[in-house]
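Scroll down for the structure; my scribbles are underneath it.
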Amino acid sequence: MLSVLSSLVVDENGEEILEYALLVALVVLVTIPALNAIQAALKVTYVSWNAAMLRCWQMPEPGHGGGC
């Protein structure tokens, strides 16, 4: 394993691999918070939609009509 790493340091292809690894790391670091934000937004949307649907199934007060 050590010989592979040392050959990557000497060889110019090692620089390209390092650049790609840094690029992948950057993409991962940006993607994880973005996915967390999307998850939070979807949760808020689902909870509000679910609450609206549950209100549709409740019996209306007399004289107030009903339905959605």
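What are the residue pairs meeting all of these: first residue in the stretch 14-32, first residue closer than 26 Å to residue 3 by Cβ, second residue hydrophobic (A, V, I, L, M, F, W, C) and part of a helix (DSSP H, G or I), Cβ atoms under 8 Å, and 6 or more apart or on different chains?
Close Cβ pairs (under 8 Å, with a partner that is hydrophobic (A, V, I, L, M, F, W, C) and part of a helix (DSSP H, G or I)) amount to 14/8; 17/8; 18/8.
Hey, can you tell me all the residues within the stretch 1-50 that are among the small types (Gly, Ala, Ser) and either in contact with a helix residue (DSSP H, G or I) (Cβ under 7 Å, 6 or more places away or on another chain) or modelled with pLDDT of 90 or more (or both)?
14, 21, 25, 34, 37, 40, 41, 48
The values are calculated or read from the model by the stated rules, or taken from the named source; none is laboratory data. None of these values were measured; they are calculated from a predicted model. FYI the Cβ positions are ideal-geometry reconstructions off the backbone, even for glycines, and counts take in every protein chain you see.
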